[in-house]
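The values are calculated or read from the model by the stated rules, or taken from the named source; none is laboratory data. Note that the structure is predicted; figures quoted are calculated from it, not measured. When we count neighbours, we look across all protein chains shown, and the Cβ atoms used for this are built from the backbone with ideal geometry, even at glycine. Areas reflect the complete protein model, heavy atoms only, side chains present, ligands, DNA and RNA absent. Shrake-Rupley method; radii C 1.70, N 1.55, O 1.52, S 1.80 Å.
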Amino acid sequence: EVQLVESGGGLVKPGGSLRLSCAASGFTFGSYSMDWVRQAPGKGLEWVSSISSGSSYINYADPVRGRFTISRDNAKNSLYLQMKSLRAEDTAVYFCAREYSGYGDIDYWGQGTLVTVSS
Amino acid sequence: NFMLTQPHSVSESPGETITISCTRSSGSIASNYVQWFQQRPGSAPTTVIYEDNQRLSGVPHRFSGSIDSSSNSASLTISGLKTEDEADYYCQSYDSGNLRVFGGGTKLTVL
């Protein structure tokens with residue numbers, strides 16, 4: 001069974017940093033591209049970043065480029081999102097997600113972790 | 001980049017069939033796969049359709065996906081509506097610049 005479990009969310013002050021993790025199990029993690037997707041309170045889904053299976057291809061949405069860094073450790077079956085210079089508008093539930101073939105086709109989601117940016 | 005436009009809300013009665021559209025603003029809808037996600041209140045999204053028309057394991061056959069090049073849109077059709085289908089539905093696709101694009105979501109009410 002595919003499982004994705006996020007952790008690392010919490011309350012952080014504007015300008016602060018936070019690192020999210022996503023532990024994967026039930027599939028060969030190193031064979032799949034992965035994404036981070038977020039959802040602000042009461043809003044829709046917003047893609048944040050993606051990383052290919054071997055970390056060769058990394059992409060970011062414009063609102064987070066230059067502030068967020070996606071990475072992965074295939075030996076540890078883990079995906080990460082380092083977030084810096086956090087803003088109030090980054091407040092959201094952050095989901096990690098697996099892509100079926102690496103062309104944006106998300107098939108499995110984690111349960112999400114809440115990040116709140118507030119003073 | 002392109003946008004994916006969905007109706008804000010739709011409603012239908014139990015047992016009926018409903019179709020939710022997702023229109024691509026530029027470029028061909030057939031260029032990149034479309035996915036559909038269901039999100040019930042307070043829960044994480046789950047994938048119901050991936051790669052235009054493939055049902056994820058465990059998704060009932062009542063859910064089907066299609067694309068229509070003439071209208072440059074994708075559709076999610078749910079037949080035999082059940083109250084448990086009441087949720088927000090999002091479409092999503094892929095941009096040639098390796099970006100992922102989500103539609104704004106459609107709230108389905110089954111009344």
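Okay, here's what the table says:
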item: Solvent-accessible area, 1.4 Å probe, carbon plus sulfur percent, for the protein assembly as shown; result: 46 percent
item: For B:GLU51, residues with placed amide H under 5 Å, excluding near neighbours; result: B:VAL34
item: q = 0.16, 0.29 Å⁻¹: log10 I(q)/I(0) that the Debye formula gives for the stretch B:72-111, counting C-alpha atoms only; result: -0.52, -1.06
item: Shielded by partner chains, the stretch B:94-110 residues - at least 10 Å² of accessible area, 1.4 Å probe, vs chain alone; result: B:TYR94, B:ASN98, B:LEU99, B:ARG100, B:PHE102
item: A:GLU89-B:GLU16 pseudo-label distance in nm [points 7 Å out on the Cα-to-Cβ vector]; result: 3.9 nm
item: Positions from the stretch A:26-56 whose accessible area shrinks by 50 Å² or more when the full protein complex is built, not the chain alone, probe 1.4 Å; result: A:LEU45, A:TRP47
item: Rounded to 5, the percent of DSSP beta bridges in chain A classed as antiparallel; result: 95 percent
item: Chain-alone versus full-assembly comparison, the stretch B:45-89, residues with accessible loss of at least 40 Å² (1.4 Å probe); result: B:PRO45, B:TYR50, B:GLU51, B:LEU56
item: ³J(HN,Hα) computed for each position of the stretch A:18-28 - Karplus, 6.51 cos²θ - 1.76 cosθ + 1.60, integer Hz, glycine/proline x; result: 7, 10, 9, 10, 9, 8, 10, 7, x, 7, 7
item: Simple label model, 7 Å out from Cα along Cβ direction - A:PHE27 to B:SER79, nm; result: 2.8 nm
item: Choice from A:TRP36, A:TRP47, A:TRP109 showing the highest fluctuation, given a GNM over chain A with Cα pairs closer than 10 Å; result: A:TRP47
item: DSSP beta bridges in chain B [antiparallel fraction, %, rounded to 5]; result: 90 percent
item: Debye, to nearest 20: dipole size of the stretch A:18-94, +1 on Lys, Arg Cβ, -1 on Asp, Glu Cβ; result: 180 debye
item: Cα principal axis extents for chain B, largest first, Å; result: 39, 28, 24
item: Å² of accessible area per residue within chain B, as computed with a 1.4 Å probe and no ligands counted; result: 45 Å²
item: Tail fraction, Cα-Cα pairs, the protein assembly as shown, threshold 27 Å, whole percent; result: 32 percent
item: Simple label model, 7 Å out from Cα along Cβ direction - B:ARG62 to B:ARG40, nm; result: 1.2 nm
item: GNM flexibility winner over chain A from A:ALA61, A:ALA24, A:ALA97 (Cα, springs under 10 Å); result: A:ALA61
item: Chain B: most fluctuating residue of B:ASP88, B:ASP68, B:ASP52 per GNM, C-alpha cutoff 10 Å; result: B:ASP68
item: For the pair B and A, total buried accessible area rounded to nearest 100 Å², probe 1.4 Å; result: 1800 Å²
